[in-house]
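Each value in this text was obtained by applying a stated rule to the coordinates, not by laboratory testing. Source: prediction; values computed, not measured. Here the Cβ is made from the backbone with ideal geometry for all residues, glycine too, and neighbour counts use every protein chain on show.
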Amino acid sequence: MTTSDEQPPKRKRGLAALSPERRRAIAAMGGKAVPPEKRAFSQDHQFAAKAGRKGGKLAKAENRFFSRFPEKAVEAGQTSAEARRTRARQRKDEAASE
């Protein structure tokens, strides 16, 4: 009988239990479940935009991160290099105003 301090060894479950080759094969199947012509958002961009707006309206304003921090929305749309340049420009402007 085991004591309460002893734990049985953990076994890998799910994808972790599969061989790396099998995991790679499963990952390669991603997005192939539905043919492109049946993907509504890829065919009708107006439909996708409408769905996005609808989802955005359902979220409470206090839970909308980018509504509370618009500068983060700008950063999110930039590449890391653009973001670094923007931050450097802001630091330079702040130093000049002091």
>> For Cα Rg over 2.2 N^0.38 Å, pick the label among [x] 1.92; [y] 1.99; [z] 0.96 that corresponds to the value derived from the coordinates.
In response: [x]
> Once fully extended, how much extra length lies between K50 and A28, figured as 0.36 nm per residue of separation less the alpha-carbon to alpha-carbon distance?
Replying inline: 4.9 nm
> Mind listing the phi-derived Karplus ³J(HN,Hα) values for the stretch 10-26, rounded to whole Hz, using 6.51, -1.76 and 1.60 with θ = phi - 60°, and x for any glycine or proline?
Replying inline: 6, 9, 5, 10, x, 5, 5, 7, 7, 6, x, 5, 5, 4, 4, 5, 5
> For the stretch 41-98, what does the alpha-carbon gyration tensor say about shape, rounded, prolate or oblate, given a ≥ b ≥ c as the root eigenvalues, a/c under 1.5 as rounded, and a/b over b/c as prolate?
Replying inline: oblate
> For labels at E82 and F41 in the simple 7 Å Cα→Cβ model, what's the distance in nm?
Replying inline: 2.1 nm
> Hey, in the GNM for the chain with a 10 angstrom Cα cutoff, which one of P70, P36, P20 fluctuates hardest?
Replying inline: P20
